[in-house]
Each structure stands twice: as structure tokens, then as C-alpha cells.
Amino acid sequence: PAQATPATMASGRTLSWLQALCLATVAWSGEGDEVDASKGGALVLGGDLDEFITNRACPGPSMLFFWSGREGNKAEAEAMKNFHLSAAEVAGLACLGVVDCNKWRMKCAEQNIQQTPAVVLYPSAPRAVRFFRGVHSQEGFTAAVARLISLNDRTVHLSLSNFANFAEETTHPIKVILFSRRPQAPVIFKALSGDAELWPHVHFGFVPEKETALLTLYDIKTVPKVVVQYGEDASSMEFYDSTNITYPALREWLLEKRRNMWLGQLAVAEEQAEAAVDEEEEEEEPTATSAGARYQKLAAGTAGCPPGLEVGSVSECQTALRE
């Protein structure tokens, strides 16, 4: 009989963690022998495999289960059932699919599938595709997806010492902060921080419950809480008050905030803006060398540039080209 190992125990803990955070519902039909794929099971793929792999509409990473296509292999059937259950669990966070290698042999060969069952991981970040070498259990598959999502994590762990820098940073004017009793950011928040439609404008911060000074600053009495605000402007602060703590719900809420908030640079002090303008004007003034300079086109192969004919700036180069 199989024995529990540290790896499988860790995967089990990851499963419990994801279940609590994703509020995932595993759908069964009848006596529980089959998975209702319409409620979150893996997609059945074939001729559309290439499109699935390259489809960047997927909110996160992808994972594929390649099977023999032959009935009677109990271990393979059990692994596939676990894969469908994992797909239901991470629905909205990743894209999972199954491929029948008996029916689609060429497609499997193109993916270098030499034996079945085989599971391949496709990160959403620019990283190498690789085979999954872990246990073919629901816990193992789910833990693998969680690790892939973490690869693209842009969450900043906040404390009183770095909070001012986080709030004042102007590249990402919308600030989203999660206050949590957990020591690490949950997978949903990591996935949101790497979302291509959010991260260019939204800065994600995570505050564990032990950071009492920040909880006091925001008057947080209970966790978890999610707050969004514009830069360091506390008057723009708004809490997420829905009980639907799922990836799709939070993402839609944040997209709405992004649509309704100014995405340009935050306002700067008037004297700072004037100083910046003065610096730009100084840079654009012609140099003494360029003023009144005459230009000539040198023959191809000319060695060096004659003294006094050097181009000293981009603007001068543009002037020379016009002449």
C-alpha cells in the first residue's frame, strides 16, 4: 500500500489552503464516479490543442493530461479523474485539458509524449514548458498549478517600513491591499497581481495580520479585507464588501475600479513640475558647437570625422539630415 510522504503531505496542505481560498466546488454526478466537466472539469481537446496552448486569453497557466485513449487501465482512469477534480478546483485561475493520444497521435507526438499518462505544464510567464513529475493525485495537480501561478507573482509584502514607498510609487497609481491572517499572499491574490489587464496600472500589496500598525492605520477590525485606493490618497479608499471571494469576482471588481480611476501619473507639486519643464528646455537648447554649423555628406569609407563637423546631439543630427 502507498505510504504518505512529506511531498504528499505538503500537497495535501496546499489543497486545503486552496480550497479555503478559492471556495471551489467539486461537482459530482450520480454516485460520485464521474466529474461534471460543465461545472469546471478539464476540457477535452484534440484538433484544437495548438490553439489551447497558445491561447493567452487563459487567466493563468495551463496544464494538459495526455492519456492512452484505451479503457481498462485503472491507474490511468484514477489519475484522469483526479485531474478533472483539480480542474474544477482551480477553475478561473488556470486552464486544464485532456488529450486522447490514441485518437490524436500526431498531436501527442508534437508535444513529445512518449508514454501515457503524461502531464505537461505550460507557464503563463515566459518560462520553459516541462513535464509534471509529481504524484497524479488531485492534491498534486492542484499544488503544481499553485506553484505556476506564483511564478508570475508581483505582490509586495507590506510593513510599516516600506508602506510609504508602496503608496507613493507612481508607475502603478491604483493600490490594492489585502489584509489577511495568513503569513503569505493567497494564490488568488498572486494570480490577480500577474493579470495582464491589471498589473500595468495596479500595485498589489499584502499585509499579514501581525502588521498591527498597518491594520490600525486602516482601522481593520477583522480579516480578510481588501481595499483599493488611488495612490496615497486615503479619501479614495474603498473596501470590497462582497462575500464572493473568488478570482473572477475580485478581478471584475478591480477592472471596474481601473475603468473609473485616472491612470496617468499622480499629481506632483507645482514647483517640481516647473523644475522638470526647465530641465527639458535646457536639454533642447542647441549647443555652442551646433549653432551655425555647416554639414557635409562624407563619402562612404571616409576614415573618421573632420574636426569641427561632429554631431553633438540628437536634435543637431535631425537638423543635419534636413539640410
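The values are calculated or read from the model by the stated rules, or taken from the named source; none is laboratory data. Predicted model only: the values in this text are computed from it and were never measured. Virtual Cβ from ideal backbone geometry, glycine too; neighbours counted across all protein chains shown. The accessibility values were calculated without ligands, DNA or RNA, using every heavy atom of the protein model including side chains. Shrake-Rupley method; radii C 1.70, N 1.55, O 1.52, S 1.80 Å.
Points to keep in mind about this one:
- Of all residues in the stretch 183-216, those satisfying the criterion of being touching a strand residue (DSSP E or B) at 6+ places or on another chain (Cβ under 9 Å) and open to solvent by 80 Å² or more (accessible area, probe 1.4 Å) are Pro183, Gln184, Glu209.
- Test for Val187: is it farther than 30 Å from Phe132 by Cβ and within 13 Å of the chain's Cα centre (by Cα): no
- Qualifying residue in the stretch 95-112 (condition: touching a Pro at 6+ places or on another chain (Cβ under 8 Å) and either surrounded by 22 or more Cβ atoms within 10 Å (Cβ to Cβ) or acidic (Asp, Glu) (or both)): yes
- Pairs meeting the criteria (first residue in the stretch 226-243 and under 11 Å from Lys257 (Cβ atoms), second residue among the small types (Gly, Ala, Ser) and modelled with pLDDT of 90 or more, beta carbons under 7 Å, at least 6 apart or on different chains) are Gln229/Ser236; Tyr230/Ser236.
- Residue in the stretch 20-30 that is of a type in the set (Ser, Thr, Tyr), part of a strand (DSSP E or B), modelled with pLDDT under 80 and more than 20 Å from Pro186 (Cβ to Cβ) present: yes
- Subset tally (residues that are of a type in the set (A, V, I, L, M, F, W, C) and farther than 20 Å from Thr54 by Cβ) for the stretch 102-125: 0
- Single match in Ser159, Ser180 (criterion: open to solvent by less than 60 Å² (accessible area, probe 1.4 Å), polar (S, T, N, Q) and closer than 29 Å to Val90 by Cβ): Ser180
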